Amino acid sequence: MSTDTTPDTDTSTGTSTDTDTDASTESKCGASTPDTADAGASTESKCGASSTDEKEVGSTVEDFDAEPGRLVAVGLGPGQPEGMTQRAQTALGEVEHIVGYTTYIDLIPDEITEDADDIYSTPMCGEVSRTEEAIDRALAGNDVGIVGSGDPNVYALAGLALEILESKGGTASMVDFEVVPGVPAAQSCAARLGAPLVNDTVSISLSDHLTPMPEIESRLHAVAGEGFTIAIYNPWSRKRRENFQKCCEILLNHRDPETPVGVVHGAGREDEATEIVELGDLEELGETDLIDMTTTILVGTGDTYVWDDRMVTPRGYESKYDY
Ligand SMILES: C[S@@+](CC[C@H](N)C(=O)[O-])C[C@H]1O[C@@H](n2cnc3c(N)ncnc32)[C@H](O)[C@@H]1O
């Protein structure tokens with residue numbers, strides 16, 4: 001196995017990248033790529049790097065002569081190997097190349113990564129170039145797994161992979177595209193808290209990297225005003241302090257300050273920490289280690305209560321049955 005931890009840039013693929021820390025021009029996959037990088041208007045991304053607004057791809061399916069390999073988007077679940085599904089472990093054991101954000105690659109059991117022909121891992125924020133790298137490797141004839149935490153369909157790369165593949169003139173069937181599900185953070189975190197998600201639930205991401213904050217605020221108002229349990233992803237980062245404060249303010253506009261809120265940091269990781277607090281006390285936790293990029297927050301409904309240190313959201317059985 002060889003491990004490449006090159007930061008994302010990828011003038012080799014010519015895609016608009018989310019971070020630009022390296023001037024690598026060598027494609028890892030053997031595609032003949034154009035010399036020119038993207039010519040789109042450069043903008044500052046939230047990852048602190050320049051990216052472009054243009055949806056350009058570096059290579060197209062025409063640039064590859066090989067019979068394509070497979071592309072599998074694999075969800076790793078919360079973190080520890082026991083949290084990975086058997087299907088995810090088998091899928092990763094079958095691919096030749098594994099592509100992912102360095103932190104996620106580190107979560108994969110060694111016996112799987114050691115068997116891979118090549119590992120391509122990059123630091124955070126390079127999701128576009130990393131996904132294109134995975135696609136190019138598959139188009140060049142390799143069986144490739146692209147990995148992420150939780151599930152590939154939850155704020156993750158399954159959709160991006162299909163979008164980029166389409167923009168390259170490819171098809172999903174050409175690379176036998178498959179999604180292998182994983183346990184999403186909301187469910188892993190709910191398990192640590194008791195039973196907070198048993199009724200209707202909505203997920204909201206506070207990351208304004210791809211969705212403008214006014215849109216996030218309007219979505220929050222809409223769901224907080226209804227009776228959903230709310231799973232808040234990407235709740236906090238140094239650059240996103242105000243988003244978290246605004247979110248707490250909006251929730252308090254619609255819900256009682258005593259509403260139970262479960263906060264889970266690093267579910268299934270070594271630094272896992274869990275707390276159940278009242279909504280009125282949530283904002284002050286934003287400045288503690290409990291709430292960061294690896295935290296998910298579950299906001300209860302008007303019916304959610306805390307019993308014996310567990311959050312309980314009734315499903316409604318009590319209205320039909322005596323117990
Ligand atoms: C880009 S999203 C990826 C979500 C992932 N695809 C899933 O299905 O859980 C990253 C966010 O997921 C949540 N998250 C991921 N891993 C977590 C963990 N182990 N414990 C708590 N939250 C986690 C955090 O809210 C984090 O900011």
(message) What does the C-alpha gyration tensor say about the overall shape of region 147-234? Classify as rounded when a/c is under 1.5, otherwise prolate if a/b is larger than b/c, or oblate.
(response) oblate
(request) Consider a paramagnetic label point 7 Å from the Cα of V202 along Cα→Cβ; state which residues of region 226-246 have an amide N under 11 Å from it. (result) 226-231
(request) With r as the distance between the Cβ atoms of E67 and R241 and R0 = 35 Å, compute the FRET efficiency 1/(1 + (r/R0)^6) and round to 0.05. (result) 0.10
(message) Using the basic label-point model (7 angstrom from Cα toward the beta carbon), what is the T60 to E226 distance in nanometres?
(response) 4.1
(request) For region 255-275 and region 87-160, compute the distance between their C-alpha centroids and round to whole Å. (result) 28
(request) Pull out a ≥ b ≥ c, the square roots of the eigenvalues of the alpha-carbon gyration tensor of region 186-312, then state rounded if a/c is under 1.5, prolate if not and a/b is larger than b/c, and oblate in the remaining case. (result) oblate
(message) I need the calculated FRET efficiency for the pair E287 and E215, taking r as the beta carbon distance and R₀ as 25 Å, to the nearest 0.05.
(response) 0.45
(request) Mind ranking 126-139, 61-74 by how tightly packed they are, going by the mean number of other C-beta atoms within 10 angstrom, highest first? (result) 126-139, 61-74
(request) Mind listing the long-range amide H neighbours of I146? Cut-off is under 5 Å, sequence gap 5 or more, other chains count too, H placed in the peptide plane at 1.01 Å from N. (result) V72, A73, V74, V99
(request) In nm, give the distance between the simple-model label positions of Y323 and L252, each being 7 Å from the Cα along the Cα-to-Cβ direction. (result) 3.6
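A short reminder: the numbers here are calculations on the coordinates, not readings from a lab. Source: prediction; values computed, not measured. Glycine gets a Cβ as well: all are built from the backbone with ideal geometry, and neighbour counts include every protein chain shown.
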